[in-house]
1. Of all residues being touching a Cys at 6+ places or on another chain (Cβ under 8 Å) and away from every other protein chain (no Cβ under 11 Å) in the stretch B:163-193, which is surrounded by the fewest Cβ atoms within 10 Å (Cβ to Cβ)? Just the residue, please.
2. Considering only helices (runs of 4 or more DSSP H) fully contained in the stretch B:46-148, which possess at least 2 residues that are more than 9 Å from every other protein chain (Cβ to nearest Cβ) and not aromatic (Phe, Trp, Tyr)?
3. Consider B:GLN50 against the criteria (1) touching an Asp or Glu at 6+ places or on another chain (Cβ under 8 Å); (2) of a type outside the set (Lys, Arg); (3) within 26 Å of B:PHE170 (Cβ to Cβ): it satisfies all of them except one. Which criterion is unmet?
4. Quick check on the stretch A:137-149: of everything there that is at pLDDT 95 or above and more than 8 Å from chain B (Cβ to nearest Cβ), which residue is farthest from B:LEU116 (Cα to Cα)?
5. So is A:TRP68 at pLDDT 90 or above and either away from every other protein chain (no Cβ under 12 Å) or in a helix (DSSP H, G or I) (or both) or not?
6. May I ask you to list the residues in the stretch B:245-273 that are in contact (Cβ under 8 Å) with a residue 12 or more places away in the chain and more than 20 Å from B:TYR58 (Cβ to Cβ)?
7. Restricting attention to the stretch A:27-44, which residues are surrounded by 17 or more Cβ atoms within 10 Å (Cβ to Cβ) and without any contact (Cβ under 8 Å) to a residue 24 or more places away in the chain?
8. Taking the options B:VAL160, B:VAL200, name whichever one is modelled with pLDDT of 85 or more, among the aliphatic types (A, V, I, L, M) and touching a Cys at 6+ places or on another chain (Cβ under 6 Å).
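The values are calculated or read from the model by the stated rules, or taken from the named source; none is laboratory data. None of these values were measured; they are calculated from a predicted model. So basically every Cβ, Gly included, is an ideal-geometry build from the backbone, and we count neighbours across all protein chains shown.
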Amino acid sequence: MSERTAGQNGPIALLFHALVTAFIVAPLVVVVLVSFSDKQYISMPFDGVTLRWYREILNASDLLSGFWLSIRLGLAAATLASAIAVPAALAIARYRFIGRDGLMAFLMSPLMIPHVVLGIAFLRFFSIVGWTGSFGALILVHAIIISPFSLRMTLSSVIGLERDAENAARSLGASRWVVFRRVLLPLILPGVMAGWVLAFIQSFDDVTMTIFVATPGTTTLPVALYNRVAFLSDPVTTSVSTVMIVGTVVLMFVLDRVVGLDRVLIGKS
Amino acid sequence: MSDAVNDQRGRAPLFLSLPAILLFTGLLAIPLVLTLTLSFHVFDGMKGIQPALTFNHYLKVFTDGYYYELFLRTAGMSLCVTAICVLIGVPETLIMSRMRPAWRGTFFVVILGPLLVSVVVRTLGWEILFGRRGPINDALVSLHLVDGPLRLMFSMTGIVIVLVHVLLPFMIIAVWGAVQKLDKRIAYAARSLGASPEKVFFRITLPQLMPGLLSGAIVVFTLSASAFATPAIIGGRRVKVVTTAIYDEFLHSMNWPLGATIAVLLLIGIVCIVVGSNRFVERRFKQVFS
């Protein structure tokens, strides 16, 4: 009995928990609510309900083109990031070599460097080599800032993996490539896919780095949204945000099915 | 991967990581080095960036009170956000750890899920809540807690509140790692020997959570100091922090060398804090827990 009471939450703890939950959820709920407001400007207490701001999205060409650009950018950058991070993760997890810790720190460094610093570094670099406004260049730099997520998820699925199946395949004469393709990859695929989805989300959400290198032709959705939120009070921002929240919830559901959301969010294997 | 590589295990890791190394060197290391050199170039208001080199931008940042205050304000803001995240995050994580698994899973999604929602969207939500006639001021005024509406938009208080919202999940994730390793039997032993719940918390539980708490604090502090969208939207033109000042130098004043100088100092500051505190945590806790 005493063991149970010691491990249970009292009323004060539950009240605290309710307040924290409300604090976390409130701004998202408010955005969703206001997106149905029939007022001409963003304001919280409102009377009538309308879907007008959802129809207005179709007239907001900056947000629409930004959305498609962000989707294409996220798909390309997450795929490129996985293509470079998965083999690097295998190298780090499976081999002991000189500079292994340094390689790991180098590949994880985009997480530590402020995105503003990355943004100006890329802006300066692009203006020197003449890549300003290039979609391909945007894919490359997005791949760099999101590959730590793919690296981390892949590492967590490779480390702790039993090598019995691989050794068996090797001893039966399978080549190293066949072992990777037919034995190792299927085993780590959930982690690789979770890393891809996480990388896609990070690319799709990035505003701070992208705002420096975005040109009128390469304005992503978050940058277009930032420009509207920062400079005008316009209810279309709330309907677009609601669509983004719903999209995130759908992706979270997918992630939960593939690897378990706790593993993605908490990063434990 | 050909069979030739198999036999030379020494080359395999290089082969596997080469694409990543090439991309990171060409498009991360080189641009960062170029930013460092940019900060030493002479800037002319009419002619732009000059090839001549100077140390003046650093002198200006170190001697001009405006920049000095900018860094102090950013550090103060980050400390404040970190302290609040510790005060909310540690008890909240402990409360969640005591829940039944089904509830715990639900609340993990609710509390950590917003991490995956764009910061612009979350900041927009706070912008609506912070309005002069918004829900927060409505509630405060009708409960007679304040005389007039508080000004949360374009204020440091507002920025701190939103950053706590944005960064609290990182603190909970870090502390959760430590809670998982918590040996509950020690707490029970202390309780059965007559220690009060407060004493158990401060003498038994909290010290065990320290490594997680400190690593969470490092993450929250550095992400606060690097945050851009939130201070830019909530602070507007009134409250400047380091990141928004860099943005102004680059995209409004067009003084890239000065902007690069501030950016280099921000990066150095953050690297020092991360490396320094990691060293401290390792030294301090290796003896205690190994």
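1. By that ranking, first place goes to B:LEU167.
2. B:56-63, B:65-97, B:101-112, B:135-142
3. (3)
4. Checking each candidate, the answer is A:ALA137.
5. Values: at pLDDT 90 or above: yes; either away from every other protein chain (no Cβ under 12 Å) or in a helix (DSSP H, G or I) (or both): yes.
Yes: the conditions hold for A:TRP68.
6. none
7. A:PRO27, A:VAL30, A:LEU33, A:PHE36, A:MET44 - these are the residues of the stretch A:27-44 that are surrounded by 17 or more Cβ atoms within 10 Å (Cβ to Cβ) and without any contact (Cβ under 8 Å) to a residue 24 or more places away in the chain.
8. B:VAL160
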